[in-house]
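Read-outs throughout are calculated quantities, based only on the coordinates presented, and are distinct from any laboratory measurement. Since the model is a prediction, treat every value here as computed from it, not as a measurement. Cβ sites come from the backbone with ideal geometry, for glycine too, and all protein chains shown count toward neighbours.
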Amino acid sequence: MIDKLAWLTFKDKQLLCARSHGNATYYIPGGKREVGESDEAALIREIAEELSVSLQPETLRFTGEFMAQADGKPAGMNVRLRCYTGETHGVPVASAEIAELRWLDSRHLAEISPVSRLLFTWLAEQQLIR
């Protein structure tokens, strides 16, 4: 099981997504916890590294958890994505590890990972994205 955290931020009924260099698939900004790290601390650290913004800890809210086959991994290797919303100081800007930031919605399911497809479907049902 791969545990990942994701920060959900919306604009015009779309979700901010990122693509790494050399990868065609978009992912939700976030990452993995380090040993002993809370979800909130890890997400604040990862978002600062990836997007050069500071998440405001008091605004972080758990949104949901989604599980699916991990993209590009052997069959049976699942990823669990724990999702949070929260406000930031600053405007997200792609760090050196990110090739592109893009606002996506449910029309872009072919461009995202299986676990992100579950999330996008749920977000569309909640009318948070198109």
Please give the residues of segment 1-39, grouped as numeric ranges, whose backbone N is less than 16 Å from a label point set 7 Å along the Cα-to-Cβ vector of Ser54. none
Just the number, please: percent antiparallel of the DSSP beta bridges in segment 2-125, rounded to the nearest 5. 75
Convex hull volume per residue for segment 46-104, taking Cα atoms only, in Å³: 116
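Loop only by DSSP, 16 or fewer other Cβ within 10 Å of the Cβ. Give me the chymotrypsin sites (Phe, Trp or Tyr not before Pro) in segment 1-90 that pass, ordered by residue number.
Of the chymotrypsin sites (Phe, Trp or Tyr not before Pro), not one in the loops of segment 1-90 has a Cβ with at most 16 other Cβ atoms within 10 Å.
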Extension gain (nm, one decimal) between Ser38 and Glu87, 0.36 nm per residue minus Cα-Cα: 15.8 nm
How are the Cα pair distances of the chain distributed, in percent, across 10 Å bins from 0? 13, 46, 37, 4
